[in-house]
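Visitor: This structure is in structure tokens; I'll ask about it shortly.
The values are calculated or read from the model by the stated rules, or taken from the named source; none is laboratory data. It should be emphasised that the depicted structure is a prediction, and the values quoted were computed from it without experimental measurement. Reconstructed Cβ throughout: ideal geometry from the backbone, glycine too, with neighbour counts over all protein chains shown. Note: areas computed on protein heavy atoms with side chains; ligands, DNA, RNA excluded. Shrake-Rupley method; radii C 1.70, N 1.55, O 1.52, S 1.80 Å.
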Amino acid sequence: MMERSEVIDLYRRHLGEGQGRVATILNLPIEESASGALVHCSDGRDLVNCGGYGAFFVGAGHPAVLAAVREQLDRQALSTRVLINEAAARAAAALTRVAPPGLTKVHFSCSGAEAVETAIKIARANGRRRLVSMTGGYHGKTMGALTVTARSVYQDPFRPLLPHVAHVPFGDAQALADTLGDDASDACVIVEPVQSEGGVVVPPDGYLKAVESVCRERGAMLVLDEVMTGLGRLGAWWGADLEGVRPDAVLVGKCLSGGVVPVAATLVSEQYFAPFDADPYLHTSTYSAAPIAMAAVRATVETIEAEGLVERARTLGERLVATLRRLTDTYIPHLVAEVRGRGVLIGVEFVDGHLAAEFLMDLMDAGVIANHSMNALPVIRFTPPAVMGDADEKRLGDALEAACAATAQRFPRPAEAGA
């Protein structure tokens, strides 16, 4: 094994000076392996993985997923893309079987951003030249996806982006209606059921259904970006299910491969997929539907079903939100504005971004990996795996308490500071 200093030096020289600098400042250890809810580090510590940007819903190295991938790896990892492949057919059938009603077509890709790009191209192929997304939303950083990711800090260095794009406030269906106008037959609306990178923003009850109604009334195409929220993360198979919404397309990623290989998908209705049906070479990718990824997709869907992970995500999330509220109310009520979430997508919003960064470091010291929210720096985001057992949950609770206590010691309440 390489020394930590050697790894950081290689990061600085080849992967980016900034990454090496952050690793040095935060004293980040080297990940050596992972299993279930834990990441095993070179310094001997085991960290509870509530980060990973949502990729580890079924934990790391789930035996059923690994077995499927190993079997496929021994047979054929990648395909010719000329012949047809059983692994792709079976994965598509498994995913569309659990998809929202009407989404019977699927295009596989390697990342959530690619899934967004696919949806944009499908919209364009159907004459939808206008794109409408939500302020605070996050859809990726490739050029098309970046256009609908409404944050100037990511957009400005790369302008001009795609034309004919508007952003409206998340949670405001009337603002969407006003922007679309009476005739939105040239428009495509992209929205997250819960904004993840926006700071785990849960919209008002009925919002998603109202968005669907506006799109249907005005003739707009409706795309739900469920790259983070789909496949059980919210305690339902899809955010769409929470309000009985039937979108025209759903974007899937993050945990789709069980945390084993990169894969994402764009699920589409037959109506909107028609241009791709007519010309199968209109939108292609060398690694689309790679057999090794397809084995992981099918195994992941089957694992979520077999282990009841959707319901486990709901009940686990309820307990963790209650724990976080109790601990922050006890130790740092003066620093935390709100604890919120749905299922195992949970956010802790601090009164400013500096305090969130301090808490993130205290979490690491206490043995927990979490993530900043890219579009809301005051919010720390927790995406724990739904496979957490009782011992994992206790370990996490103890670490959260230690982190809250450490942050409180450095940033005491005003009365305590003056005592």
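Visitor: Filter the range 45-61 down to residues that are out of contact with any helix residue (DSSP H, G or I) (no Cβ under 6 Å at 6 or more places or on another chain) and not in a strand (DSSP E or B), then give me how many there are. Explain how you work it out, then say what you get.
Guide: In the first step, residues of the range 45-61 are kept if they are out of contact with any helix residue (DSSP H, G or I) (no Cβ under 6 Å at 6 or more places or on another chain); the result is 45-47, 49-53, 56, 59-61.
Then keep just the ones that are not in a strand (DSSP E or B); that gives 45, 50-53, 56, 59, 61.
Result for the range 45-61: 8.
Visitor: Given (1) open to solvent by 10 Å² or more (accessible area, probe 1.4 Å); (2) in contact with a Cys (Cβ under 8 Å, 6 or more places away or on another chain), where does VAL387 come up short, assuming only one miss?
Guide: The single condition VAL387 does not satisfy is (2).
Visitor: Could you please find all residues in the range 308-326 being within 16 Å of ASP241 (Cβ to Cβ) and among the hydrophobic types (A, V, I, L, M, F, W, C)?
Guide: Residues satisfying the conditions are LEU309, VAL310, ALA313.
Visitor: OK, next. How many residues does the range 286-308 hold that are closer than 12 Å to VAL263 by Cα and open to solvent by 30 Å² or more (accessible area, probe 1.4 Å)?
Guide: First, pick out the residues of the range 286-308 that are closer than 12 Å to VAL263 by Cα: 287-298, 300.
Still in the list and also open to solvent by 30 Å² or more (accessible area, probe 1.4 Å): 287, 292, 298.
Residues flagged as closer than 12 Å to VAL263 by Cα and open to solvent by 30 Å² or more (accessible area, probe 1.4 Å) within the range 286-308 amount to 3.
Visitor: Look at the range 131-173 and say how many of its residues are part of a helix (DSSP H, G or I) and open to solvent by 60 Å² or more (accessible area, probe 1.4 Å). Before you say what the answer is, go through the steps one by one.
Guide: Start the filter on the range 131-173 by keeping residues that are part of a helix (DSSP H, G or I), which leaves 143-148, 152-158, 173.
After this cut, where a residue has to be open to solvent by 60 Å² or more (accessible area, probe 1.4 Å) as well, the list is 143, 152-153, 156-158.
So the answer is 6.
Okay, residues lined up against (1) farther than 17 Å from VAL148 by Cα; (2) out of contact with any Pro (no Cβ under 9 Å at 6 or more places or on another chain); (3) open to solvent by less than 20 Å² (accessible area, probe 1.4 Å):
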| residue | (1), (2), (3) |
| --- | --- |
| ASP183 | yes, yes, no |
| ALA187 | no, yes, yes |
| VAL200 | yes, yes, yes |
| ASP205 | yes, yes, no |
| CYS215 | yes, no, yes |
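Visitor: Which of (1) touching a strand residue (DSSP E or B) at 6+ places or on another chain (Cβ under 8 Å); (2) not in a helix (DSSP H, G or I) is the odd one out, the single condition LEU95 does not satisfy?
Guide: Evaluating LEU95 over (1) touching a strand residue (DSSP E or B) at 6+ places or on another chain (Cβ under 8 Å); (2) not in a helix (DSSP H, G or I) leaves (2) as the failure.
Visitor: Another question, if that's okay. Just one of GLU358, GLU311 is touching a residue at least 60 places away in the same chain (Cβ under 8 Å), surrounded by fewer than 20 Cβ atoms within 10 Å (Cβ to Cβ) and either part of a helix (DSSP H, G or I) or in contact with a Phe, Trp or Tyr (Cβ under 7 Å, 6 or more places away or on another chain) (or both); which is it?
Guide: Numbers: GLU358 fails: touching a residue at least 60 places away in the same chain (Cβ under 8 Å).
Step by step, each of GLU358, GLU311 is checked, and only GLU311 is touching a residue at least 60 places away in the same chain (Cβ under 8 Å), surrounded by fewer than 20 Cβ atoms within 10 Å (Cβ to Cβ) and either part of a helix (DSSP H, G or I) or in contact with a Phe, Trp or Tyr (Cβ under 7 Å, 6 or more places away or on another chain) (or both).
Visitor: Test of understanding: among GLY181, GLY199, which residue is modelled with pLDDT of 95 or more and more than 17 Å from the chain's Cα centre (by Cα)?
Guide: Numbers: GLY199 fails: more than 17 Å from the chain's Cα centre (by Cα).
When all the criteria are applied, what remains is GLY181.
Visitor: If only one of ALA123, ALA91 is buried (at least 24 other Cβ atoms within 10 Å of the Cβ), over 19 Å from the mean Cα position of the chain (by Cα) and within 21 Å of ALA236 (Cα to Cα), which one is it? Full working, then the answer.
Guide: Numbers: ALA123 fails: within 21 Å of ALA236 (Cα to Cα).
Being buried (at least 24 other Cβ atoms within 10 Å of the Cβ), over 19 Å from the mean Cα position of the chain (by Cα) and within 21 Å of ALA236 (Cα to Cα) holds for just one of ALA123, ALA91, which is ALA91.
Visitor: Let me ask something additional. Is it fair to say GLY20 is under 19 Å from the mean Cα position of the chain (by Cα), open to solvent by less than 70 Å² (accessible area, probe 1.4 Å) and not polar (S, T, N, Q)? Full working, then the answer.
Guide: On the way: under 19 Å from the mean Cα position of the chain (by Cα): no; open to solvent by less than 70 Å² (accessible area, probe 1.4 Å): yes; not polar (S, T, N, Q): yes.
No; evaluated as a whole, the condition is false for this residue.
Visitor: Based on what the data block shows, is ALA87 in a loop (DSSP other than H, G, I, E, B) and either under 25 Å from VAL310 (Cβ atoms) or touching a helix residue (DSSP H, G or I) at 6+ places or on another chain (Cβ under 6 Å) (or both)?
Guide: No.
Visitor: Give the residue, chosen from VAL7, VAL82, that is more than 30 Å from GLY230 (Cα to Cα), β-branched (Val, Ile, Thr), over 21 Å from the mean Cα position of the chain (by Cα) and surrounded by 12 or more Cβ atoms within 10 Å (Cβ to Cβ).
Guide: Criteria check complete, one pass: VAL7.
Visitor: Taking the stated definitions as given, is ARG81 part of a loop (DSSP other than H, G, I, E, B) and more than 30 Å from SER5 (Cβ to Cβ)?
Guide: Values: part of a loop (DSSP other than H, G, I, E, B): yes; more than 30 Å from SER5 (Cβ to Cβ): yes.
Here the answer is yes, as ARG81 does meet what is asked.
Visitor: Based on what the data block shows, is LEU242 out of contact with any Cys (no Cβ under 8 Å at 6 or more places or on another chain) and within 26 Å of THR179 (Cα to Cα)? So that I can check it myself, show each step before the final result.
Guide: On the way: out of contact with any Cys (no Cβ under 8 Å at 6 or more places or on another chain): yes; within 26 Å of THR179 (Cα to Cα): yes.
Against the criterion (out of contact with any Cys (no Cβ under 8 Å at 6 or more places or on another chain) and within 26 Å of THR179 (Cα to Cα)), LEU242 qualifies.
Visitor: Can you confirm whether SER33 is without any contact (Cβ under 8 Å) to a residue 60 or more places away in the chain, in contact with a His (Cβ under 7 Å, 6 or more places away or on another chain) and open to solvent by 20 Å² or more (accessible area, probe 1.4 Å)? Don't jump to the end; show me each part of the working.
Guide: Values: without any contact (Cβ under 8 Å) to a residue 60 or more places away in the chain: yes; in contact with a His (Cβ under 7 Å, 6 or more places away or on another chain): yes; open to solvent by 20 Å² or more (accessible area, probe 1.4 Å): yes.
Yes; evaluated as a whole, the condition is true for this residue.
Visitor: Would you check if there is a residue in the range 315-337 being crowded, with 22+ Cβ neighbours inside 10 Å and free of Cβ contacts under 8 Å to residues at least 24 places away in the same chain?
Guide: yes
Visitor: Considering only residues that are at pLDDT 95 or above and outside any strand (DSSP E or B), which ones fall in the range 21-44?
Guide: If the condition is that a residue be at pLDDT 95 or above and outside any strand (DSSP E or B), then ALA37 is the only one that fits.
Visitor: Residues in the range 362-374: is at least one assigned to a helix (DSSP H, G or I), of a type outside the set (A, V, I, L, M) and surrounded by 17 or more Cβ atoms within 10 Å (Cβ to Cβ)?
Guide: Start the filter on the range 362-374 by keeping residues that are assigned to a helix (DSSP H, G or I), which leaves 362-366.
Next, from what is left, pick out any that are of a type outside the set (A, V, I, L, M): 362, 365.
Applying the additional criterion that residues be surrounded by 17 or more Cβ atoms within 10 Å (Cβ to Cβ) yields 362.
There is at least one residue in the range 362-374 that is assigned to a helix (DSSP H, G or I), of a type outside the set (A, V, I, L, M) and surrounded by 17 or more Cβ atoms within 10 Å (Cβ to Cβ).
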